[in-house]
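The values are calculated or read from the model by the stated rules, or taken from the named source; none is laboratory data. Everything numeric here is computed off the predicted structure, so don't read it as measured data. Glycine also receives a Cβ, built like all others from the backbone with ideal geometry; neighbour counts cover every protein chain displayed. Quick note on the areas: whole protein, heavy atoms, side chains included, nothing else; ligands and nucleic acids left out. Shrake-Rupley method; radii C 1.70, N 1.55, O 1.52, S 1.80 Å.
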Amino acid sequence: MSALPQRRALVLLSGGQDSATCLAWALSRYAEVETIGFDYGQRHRAELVCRLRLRDGMQAMAWPGRLGPDHLLTVEVLAQLGGSAMQDEVAIAMQQDGLPNTFVPGRNLLFFTLAAALAYRRGLQVLVGGMSETDYSGYPDCRDNTLKALQVALSLGVERPLTLETPLMWRDKAATWALAEALGGAALVELVRRESHTCYLGERGRLHDWGYGCGHCPACELRAQGWTRWVGR
Ligand code: ZN
């Protein structure tokens, strides 16, 4: 019996805690892993620096030879659509439809579609994203059913079976720290703590127990609460 060909993956690496953990998860199970990132005019540029530091850190860890090239795509069209607190200098608030104004409509759908196109060109079979339904801001494009539907649409659309993996879908932030520890021990936890970026305001002045950030925005609060739950387990 001939062995199955080894699968190769493309990780959507934003530079945050979730996508950093997903990169380690992918490195631990696929023969080769490439990364994709998007410059869409986000308010803070910190995460674009972080994603490269995370890659460098993981390159030195327990998965030699598996980390392939990075691809950074410019997606200016999202800024043209406008109107999100992720891109514009407006205060973070709840909208009338119950979604926070940090929601960028269509963003994850677009990112996965571009990732599928790149995966096609590069001969990669698996797309990995850090979306979660457990500790999330209610973004409808992070839901499991949205991404299951997208997996079918993208696979049909390129006439190739693509698998969308979301290892954090049913994990909260505390479980995400636990996963990092299980994958790469204290060294990986420390890398993610120091070099991943979550804060909506782009604040990196002060290192808290849980990492850098303003400590007050919704993303910092979620990250800090998850860290506290994980440390106090
Ligand atoms: Zn913050």
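Some values worked out for this structure:
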item: Highest-MSF residue in the chain out of Arg29, Arg121, Arg194 [GNM, Cα springs under 10 Å]; result: Arg121
item: Residues with amide H under 5 Å from that of Glu32, placed H, sequence gap 5 or more; result: Ala9
item: Cleavage-rule hits, GluC sites (Glu not before Pro), the range 139-233, DSSP coil, Cβ neighbours within 10 Å at most 15; result: Glu159
item: For the range 31-40, 3J(HN,Hα) per residue [Karplus equation, 6.51 cos²θ - 1.76 cosθ + 1.60, θ = phi - 60°, Hz, x = Gly/Pro]; result: 5, 8, 9, 10, 10, 10, x, 10, 9, 10
item: Residues of the range 4-231: accessible area per residue with a 1.4 Å probe, Å²; result: 46
item: Antiparallel bridges, percent of DSSP beta bridges restricted to the chain (to nearest 5); result: 15
item: Cβ-based net charge around Met61, under 12 Å, with every Lys or Arg adding one and every Asp or Glu removing one; result: 0
item: Theoretical ellipticity at 222 nm over the chain - DSSP helices of four or more residues, -39500 (n - 2.57) apiece, nearest 500; result: -13500 deg cm²/dmol
item: Coarse-grained scattering of the chain at q = 0.16, 0.18 Å⁻¹, given as base-10 log I(q)/I(0) from a Debye sum over alpha-carbon atoms; result: -1.19, -1.53
item: Residue-wise HN-Hα coupling along the range 122-130, computed from phi with Karplus coefficients 6.51, -1.76, 1.60 (Hz; x: Gly, Pro); result: 8, x, 9, 9, 10, 10, 10, x, x
item: Cut-off under 5 Å, modelled amide H: who pairs with Asp39 long-range; result: Leu73, Thr74, Val75
item: Leu162, Leu183, ranked by accessible area, largest first (probe 1.4 Å); result: Leu183, Leu162
item: Relative contact order (%) - the range 4-231, alpha-carbon pairs under 8 angstrom, separation at least six; result: 23
item: Cα gyration tensor, the range 115-182 - rounded (a/c under 1.5), prolate or oblate; result: oblate
item: Distance-filtered residues of the range 139-166 - backbone nitrogen under 13 Å, label point 7 angstrom along Val75 Cα→Cβ; result: 141-142
item: Under the Karplus curve 6.51 cos²θ - 1.76 cosθ + 1.60, θ = phi - 60°, whole-Hz ³J(HN,Hα) for the range 181-195, x wherever Gly or Pro sits; result: 5, 5, 7, x, x, 4, 5, 6, 4, 5, 4, 5, 4, 7, 10
